[in-house]
1. When the accessible area of segment 7-48 is split by element with a 1.4 Å probe, what percent falls to carbon and sulfur?
2. Please return the longest stretch of the chain lacking exposed loop sites, where trypsin sites (Lys or Arg not before Pro) count only if DSSP places them in a loop and at most 14 other Cβ atoms lie within 10 Å.
3. In the chain, which whole DSSP H runs stretch at least 27 Å along their own axis (Cα) and average -1.0 or higher on the Kyte-Doolittle scale?
4. Just to be sure I understand: with springs between alpha-carbon atoms less than 10 Å apart, which residue in 116, 31, 108 has the highest mean-square fluctuation in the Gaussian network model of the chain?
5. Here are some values of Rg and Dmax of the Cα atoms in Å: (1) 24.1, 86; (2) 21.0, 72; (3) 22.6, 74. Which one was computed from this structure?
6. Rolling a 1.4 Å sphere over the protein heavy atoms, what is the accessible area per residue of the chain, to the nearest Å²?
7. Obtain the nm distance between the two label points defined at residue 296 and residue 56 by a simple spin-label model: each point lies 7 Å from its Cα along the Cα-to-C-beta direction.
8. Mind checking the full-extension length gain between residue 118 and residue 90? Use 0.36 nm per residue of separation minus the Cα-Cα distance, one decimal, nm.
Amino acid sequence: MLSLAFVFALGYQISKMYRTDTLAGGLISLASFIAVTPQVATIVEAGPEGADAVGWGFLNYSYLDAKGLFTALLVGLVSSIVYAKLMNRKITIKMPDSVPPAVSKAFASIIPGVIAIYLCGAAAWIVSELTGGLAIGDVILKYVQMPFMGLSQGLGAVLIIVLAVQLLWFFGLHGTNVLGAVIDGTYLTALTMNDSLFQAGKPMEYIWTRASFDSYVWMGGAGCSLALVIAVLVFSKRADSRAVCKMSAPMAVFNINEPVVFGMPIVLNPIYFIPWLLVPAVLTIVAYLVTAAGWVPYAHVVVPWVVPPVLYAFLATG
């Protein structure tokens, strides 16, 4: 169900950004994704005289789980933006003033919605014709998602993500949110694929997943802020730093690091710049190598980000 929930939420949020009907935006995004998803199934009859039957209207779950996320992302973006742009340009059905607002709003979404859905459906048909019958989801999975997933699994790629997040935080930007599309689109997909393989009793394929960051690198929040809080409370004699860390400790236990980052402050503070980048990099290298060596299991369970460190890793690795 992951891709279905994701594509609806994506259309909803994009419509909200464009100040159009959010519910209609979510439904149009979802409908566009269903329109490009193969729905033909062959039913094999048992027995020597049974004839195979081909039916329409079947949604293959292999297109709806983590493997369908990239397709959901692209289709959801295109359909919801087309819908929102047409709505803002007033390419709609205008009802008389006597019509109730709820009815009028529903009719207003018809033309933009139909255009958006048919545009995605036409694109899927063209791709199918050019590739000898392949679904657009299969093409995206083969030529976009899987190569990208492969690139994301290198230690260098993981380090780039971690350092970029740290650098954004240093300048006061929420790094994990700014890079959320890359981190979740790639590493959350790896996490759910690992879990699907685990449930099927097959070897997991992805060394580094979305849960790996929170398990081993962002303990107490980005920058391993919980370690700084503990270090200050144990070793520091500065009253101001100890006061900030005392107030921040309860939140750092649940991976909320804003009180430390802005309270110490770490933001734009050159004294903290090198350890702020270096500590997460060291944690990443150690965690990656021991996971690759098989000393710890691959992370494959989705765990809420507010679960405290250590317990988080215990749950994420099963």
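1. Details: 1420 of 2230 Å².
Solvent-exposed carbon and sulfur of segment 7-48 make up 64 percent of the total.
2. Of all site-free stretches, the longest is 95-236.
3. In the chain, the long hydrophobic H runs are 69-88, 110-130, 270-292.
4. It is 108.
5. Derived directly from the coordinates: (1).
6. Numbers: 16810 Å² over 318 residues.
Roughly 53 Å² per residue, with all protein chains present.
7. In this crude label model, residue 296 to residue 56 measures out at 5.1 nm.
8. That works out to 8.2 nm of additional length.
The values are calculated or read from the model by the stated rules, or taken from the named source; none is laboratory data. Computed from a predicted structure; not experimentally measured. Note that each Cβ is placed from the backbone with ideal geometry, even for glycine, and that neighbours are counted across all protein chains shown. Accessible surface is based on the protein model in full, side chains and every heavy atom, while ligands, DNA and RNA are left aside. Shrake-Rupley method; radii C 1.70, N 1.55, O 1.52, S 1.80 Å.
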